Every structure is written in structure tokens, then in C-alpha cells.
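Here's the structure, in C-alpha cells; my notes come after.
Any read-out appearing in this document is the output of simple, stated calculations on the displayed coordinates, not a laboratory observation. Here the structure is a predicted model, which is why all the values come from computation and not from measurement. We place every Cβ from the backbone using ideal geometry, glycine too, and count neighbours over all the protein chains shown.
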Amino acid sequence: MAGIEPALPAPTHTAESATAPAPADTPTEARSAAVQDQLAGWISDLTTLHDLTERLARTQTLEAALQELLRAGASLVGARRGLVVLEPRDGRGPDTTVGLGLGQADIGHIETVPRRALSFCRILDGLPEPDGREHGPRDRPDAHQDGGPAAPAPPDGTPPDGSGCVACGRGDIAQPDIPGEPGLDPRLREVAARLGYAASYAVPLDADPVGRFGAAVWLYDEPAEPAERQRHLVGLYLGYATAHLARLLELHRQRQIVTTLREELLPSRLPRVPGVRLAVRHGAGPLGGGDWYDALPLPDGALGLAVGSVTGSGPGAVAAMGRLRASLRAYAVMEGEDPVAVLSDLELLLRLTEPARSATALFAFAEAPPGGPNGPGTPGPVPGAYGTYGPGSATAARRIVLAGAGHCPPLIIGDRRTEYVETSLSAPLGMLACWEAPSVELTPAPGETLLLYSDGLLRRTGETMDRAFARLHSAAAGIPRAVRHDPDALVDHLLRTLLPHGIDDPESPEDVVLLAAYFE
């Protein structure tokens, strides 16, 4: 059968033929052979469905599952191309189209066809067929209507009115001869001829608790339609596939909510501070975690930098992260020159408001350069949109005071050194009755970068923590000299080196934060 993947065993028997008894006058040997053939057919069909559902079960994202659905359906109905249209009736989205063997331009051509003329859109909208019939179980040839007897099914599976549209118990629609079928929209014929398909077979995607959430359609290069055996197997496959898709759809929605919430709670942009260039990269795990960062201008031209992580995942952790970050901003404005006091206040707040959580945090206070926010010998500060600045050069070294609570030590990257800042070991916030740790001072030279990051960066490497620290140090030391003076290029280089699957790897549950401050 054309279009079936060679790796998949093709089913060879229909449900009807498998259950049909052998004639009474058939010799015993012949009847035994017929039963064996029927059993072989059942085993072939079950093996096919087992292989296809097992492959679908291994998918963990909605897009991957949709692609697998298209591939499996194409092998079952003998098609080569297809597409899935997601359009959940509850209006919560996502509304999207995924193609198999179709590019974006091809999908765009199909979307130019009037909606009513497309079989899968009629499924989505619940529109009547051109002859006035509705989709659904009522139209199945052997379905009982109004308590009456079942109507006999035509032997070839086509409707008695010859319309060419078949609706079975699942509400599927076949258009077996688009070029020759009368009454079709001219635009549909034009697009089908341009894309080189001559027939289509569409099925609805429907499962609790989502309800009708989309439709799948497979396209044939020549006039054709699936046989009853193929429709039967597709129906059995969809019984599992739609339930799996519905679960992934709900998970996708939850992830989108968490992602939106995180984006709203984290800084929408980094501040512009004279003498400092900032860059950040942030990637959330599939369930949404509590890693966060901040960069805020402080009075008198100072700059505050922070990274942290709240235990847990999901909306609760994201909300806790937002509260912790907002509180740290307030404490930083009031007493940012003393990072130990900032983290002590944050620890007290965490114990009072989030007793079941703990958190790590690192806060760095970068003073204004000597002589004013823009260098030595310049006039006093004046208010600005992001802090208080004055005219002059911003090349003087800044003294940085920082304190950490169970967080990874920062990394200083420059032309002459690449080393971790020697921070004291300290417990995470919320772990002890009273948190305290000494602060650390450093003075980055002009042209050096201070890198703050979350432990998710280290965990995503798949190494032990000691090895992960060594890998980060090696990657930072190997940064080309030209890249070291561009914080955006620097963090991108580190991510490419450490995380070959990228910062948004859906297979990893870890959040990643990199915040780079380059001092000019």
C-alpha cells in the first residue's frame, strides 16, 4: 500500500473479514487455514497499533505528538502528506497548524481556500455537508436513528447518494476524487492541483475533558480513499491518540501560563547604566521553575545585580519567585550598599511568608566610580531616568560588594584572568533559624565581565557539580578575545559551549539564568 512506512508492519485484514465464519461445507483443513489467516490478521493489526501507540506515548511535547499522529495516520490510510489543525472549541488555544510533507507556503495556500470548502474546517465548525447532512454518529451507515433499525452499509463504503463524502461514527470525511467530484469550490480544485494532491481524508480530534480540539487530514497524490479496514484501524488508533493529545494540550496550556507569568514577573528590559553593559539569557524548564534575576539602578549611580532560585516548580514557585524578587528590590533601594543586610531581610521575610520554601540568592552592589557616577573629577550626580548620573567618562573601576546565600559563586572573565569569586559557604535562605554570612569585595578591571548564573546551568551539563564548575571555567577561559568585550556574544558563546541542546531544551527540567555585567 503506497505511503506506508517500511518500518511499520502493514495490517492485512479487516475487522469484518476477521469475524466472518467460514462456510459450513468447507473442509476441516480449509476452515482451519481460514481461522489461522484470521488470527494472523488480528495479530498483524494489533502489532501495528501497538508499535504506533508506543511511539506516540514517547512524545513529551504537543508539537512532537502532532507530528507522530500525522506519520502514524499516513501509514494507516496509505497517504504521503497531511496536516493537523488545532482549534479547541473552548477558545483557550493554541490555534495552530502542523504539516507533514507540507511547507509553510503549502499550508498558506490551503488556508486561502474558503473555510466551508475544506473538509477539516467543516469538521471543526460542525457545518452541514453540501447535501444538507450533518457530520457525526447519526450519519454512520449502520447507526440507529430515532430507535429504528440500522441502515445497511453499501458494500464499497460510499454514501448511497454518490456525494463522495463518507461520514462514519467518528465524523470522518473522505473526498476521494477532488478533480472529478462535482460541486466543489473552484479554489479548492486550484490549490489541490497546485500542491499535487487529488484526494483527502479528514478525521476529528475529540477527547475529554477538552472536547473537540482539532482535525487531522491526510492527502493523496491520486484519487483514493481509505478502505473500511484502514478506517477501523485509524479509529482504534485515535481512541488512544486523542486522549494523549488532550493531556499534552492541557500541559502545553499550563506551561504557556507559567511562561507568561514568569515574563511578567521578570524585568522586561535591562537598565542602561553608564560604564556598564548588561546581557541576560533565561530559559525555563517545562514546568516552570523559580529561578530569577534582576538588575536595578540604585541611588548615586550605583548598580544592583541579583540572581536567585526558589525551590519547587509550577505556578506556585513562579509566584513565590515574583514576591521574593520584588522584596529584594525594595531592600536593595533602602540598604543596597550592605548586601548582607539585604539578604538577612529577605531571609526573615521568606521564613515569615513562605515557611515551606527555601531559596538561594546572590546580591552584588556595584558602587559608582570614584568621584561621581561617571568617573573621577566629575561634578556631583544629577537625577536620570535610570538613576543619578553626571557628565564625564565612565572608565574608572567600580568596587563591588556581594553576598551569597547558598548560591553559586560569580565568575570574573577578562583578558588576564578567569576565576571564581571566593565567596564564603553559606546556607540557603530559610534553612537556618537565622541566616548570616560575610560579604566579599572585588574590583573588576575595565574590560572585565562579572558573570552571575543559576545552578541550572551547571546541572544541565549532566556532569557532577565539581566537573560542571570546571567545564564552566574552561568554557569561559576559552572565550575568544573579541567576544570578551561584548556581553551578549559572551553569554551566547558560553551557552553554545555548555548546552548543545540550547537553553530552551524541553527535555531538561532545569531553569537557566546567565546575567553578565561588562565594565567598560
Around C408, which amide H atoms from residues at least 5 apart in sequence, or from another chain, sit under 5 Å from its own amide H, with H modelled in the peptide plane? D455
Dividing the mean separation of Cα pairs under 8 Å (6+ apart) by the residue count of segment 389-512 yields a relative contact order in percent of 25 percent
Note down the relative contact order for segment 271-345 as a percent, whole number, built from C-alpha pairs under 8 angstrom at least six residues apart. 26 percent
Environment charge of S327, counting only residues whose C-beta is closer than 12 Å and scoring Lys/Arg +1, Asp/Glu -1: -1
For segment 418-483, rounded, prolate or oblate, judged on the Cα gyration tensor with a ≥ b ≥ c (square roots of eigenvalues), a/c < 1.5 rounded, else prolate if a/b > b/c? oblate
For segment 344-358, what does the Karplus curve 6.51 cos²θ - 1.76 cosθ + 1.60, with θ = phi - 60°, yield as ³J(HN,Hα) per residue in whole Hz, taken in order and with x for Gly and Pro? 5, 4, 5, 5, 5, 4, 5, 5, 7, 9, 10, x, 8, 10, 10
I want to make sure I understand the PRE zone here: with the label point 7 angstrom from the Cα of M431 toward its beta carbon, which residues in segment 314-351 have backbone N atoms less than 17 Å away? 343-344, 346-348, 350-351
Using alpha-carbon pairs under 8 Å, 6+ residues apart, how would you state the relative contact order of segment 67-130 in percent? 23 percent
Expressed in angstrom and rounded, the centroid-to-centroid distance over alpha carbons for segment 216-276 and segment 297-355 is 35 Å
Which FRET efficiency value, to the nearest 0.05, do you get for R194 and E54 by plugging their Cβ-Cβ distance into 1/(1 + (r/R0)^6) with R0 = 30 Å? 0.20
Between G290 and residues 5 or more places away or on another chain, the pairs with built amide H atoms under 5 Å apart involve V310
Sequence-distant or interchain residues sharing an amide H contact under 5 Å with A198, placed H: which? Y220, D221, E222
